[in-house]
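A.B. asks: Just passing along the structure, written as structure tokens.
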Amino acid sequence: MPLLPFHLATVPLPIGITRIEASAGTGKTYTLTALFLRLVVEENLPVNSILVTTFTIAATAELRDRIRSRLHLALSLFTQTPTEDALLEELRDSYLANASTYRPRLEAALRQFDDASISTIHGFCQRLLQERAFESSQAFDAELLTDSQPLLQEVADDFWRTQFYPAPPRLAAFAINRHLSASSLVNLLAKISSHPTLEILPPYRLTHLASSQATLLTAFDNLQKTWTDGEPTLREIFADANAWAKAESTLRKIITNSKKWSDGKLTTLILDSLDHCFQNPHAQPADYLALVAFTTENLIACTK
């Protein structure tokens, strides 16, 4: 598309699509009101055939007032009243030369101004869907949401309810301790919906979730057997206060997600929580936090 100089009073008003690019604060509203005026007066377009859209309700109200005011101000051209508007003064001679044609058009536009289609983008889309329900295969009472957050929340809540409510408690505890929740899923959905070209890696299917659950449960069963065989030895090692005194401060930095660990001898609390989560299938998510202390990375940090 070729770039052309843009002079508001003389630029041609062609049939088709013309794109005008402008930065913030460069007078877009002023330009829109002027183009509306020229389309009504010079092209003899009725106000209900001109579509003007903007982003917010407040901006729409301002734009409607500014367009009406400019139409009123333009009438003063035909009474020789100074307007203090550079654009209108530039148009004065042309409009006065065609006063018998232009003035009735302007007066008709003001009488019919309530029919002008000046709205937010979503408001226009809502009206179009209602007026063209058959053509668009939409329900007559279709509602266009301006805020998708409640809808995303509903989707996330449904997923959480269907996938985690019936899941084994250990899997739910694992998800919670990994900071997975309906709220975190909403944040993920918001990013995806606002960036539709993003590719999610690895690709996800519900069948992947079932496979991951089976892998986690198998790993937990193996760990449970290891605990049963090694608990006495672990408790004996932890009972050596000299060997584990320095580990306490490091462990407290690792286990920070629950008030459960705020009092008492931390190593004993960790062992008791491990025993509870292995023996009780309905243990609380906080009990599974004790497993974090036994990752390879954290064992090395606690035994330097």
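The values are calculated or read from the model by the stated rules, or taken from the named source; none is laboratory data. Model, not experiment: these values are computed from the prediction. Backbone-built Cβ (ideal geometry, glycine too); neighbour counts: all protein chains shown. SASA here: full protein model, heavy atoms, side chains in, ligands and nucleic acids out. Shrake-Rupley method; radii C 1.70, N 1.55, O 1.52, S 1.80 Å.
A.B. asks: Search the stretch 35-60 for residues that are closer than 16 Å to P14 by Cα and pair each with any residue that is among the β-branched types (V, I, T) when their beta-carbon atoms are under 6 Å apart and the residues are at least 6 apart or on different chains.
C.D. replies: Hits for this filter: F36/I67; L39/I50.
A.B. asks: How many of the residues in the stretch 265-297 are modelled with pLDDT of 80 or more, among the polar types (S, T, N, Q) and open to solvent by 10 Å² or more (accessible area, probe 1.4 Å)?
C.D. replies: Total meeting the criteria: 3.
A.B. asks: Among the residues of the stretch 107-126, is any farther than 30 Å from V11 by Cβ, of a type outside the set (D, E, K, R) and without any contact (Cβ under 8 Å) to a residue 40 or more places away in the chain?
C.D. replies: Yes, because at least one residue in the stretch 107-126 is farther than 30 Å from V11 by Cβ, of a type outside the set (D, E, K, R) and without any contact (Cβ under 8 Å) to a residue 40 or more places away in the chain.
A.B. asks: Please determine, by comparing only the residues of the stretch 14-49 that are part of a helix (DSSP H, G or I) and among the hydroxyl-bearing types (S, T, Y), which one is nearest to the chain's Cα centre (by Cα).
C.D. replies: So, considering only residues that are part of a helix (DSSP H, G or I) and among the hydroxyl-bearing types (S, T, Y), the one nearest to the chain's Cα centre (by Cα) is T29.
A.B. asks: Let me ask something additional. Given (1) more than 30 Å from Q126 (Cα to Cα); (2) modelled with pLDDT under 85; (3) surrounded by fewer than 12 Cβ atoms within 10 Å (Cβ to Cβ); (4) not acidic (D, E), where does P166 come up short, assuming only one miss?
C.D. replies: Evaluating P166 over (1) more than 30 Å from Q126 (Cα to Cα); (2) modelled with pLDDT under 85; (3) surrounded by fewer than 12 Cβ atoms within 10 Å (Cβ to Cβ); (4) not acidic (D, E) leaves (2) as the failure.
A.B. asks: Still on this structure: With respect to S194, determine if the residue is at pLDDT 80 or above, surrounded by fewer than 10 Cβ atoms within 10 Å (Cβ to Cβ) and among the hydroxyl-bearing types (S, T, Y).
C.D. replies: The answer is yes for S194.
A.B. asks: While we're looking at this one, here's another question. Buried (at least 17 other Cβ atoms within 10 Å of the Cβ) and charged (D, E, K, R): is that true of D85 in this structure?
C.D. replies: Taking the combined requirement at face value, the residue satisfies it.
A.B. asks: Hey, can you tell me all the residues within the stretch 50-63 that are outside any strand (DSSP E or B) and open to solvent by 60 Å² or more (accessible area, probe 1.4 Å)?
C.D. replies: F55, T56, I57, A58, E62
A.B. asks: Here is a follow-up. Only one of these is open to solvent by 70 Å² or more (accessible area, probe 1.4 Å) and touching a helix residue (DSSP H, G or I) at 6+ places or on another chain (Cβ under 8 Å): Q130, Q138. Name it.
C.D. replies: On inspection, the qualifying residue turns out to be Q138.
A.B. asks: Then there is this: Considering each residue of the stretch 179-191, count those that are surrounded by 10 or more Cβ atoms within 10 Å (Cβ to Cβ), outside any helix (DSSP H, G or I) and free of Cβ contacts under 8 Å to residues at least 12 places away in the same chain, and give that number.
C.D. replies: Residues meeting the conditions: 1.
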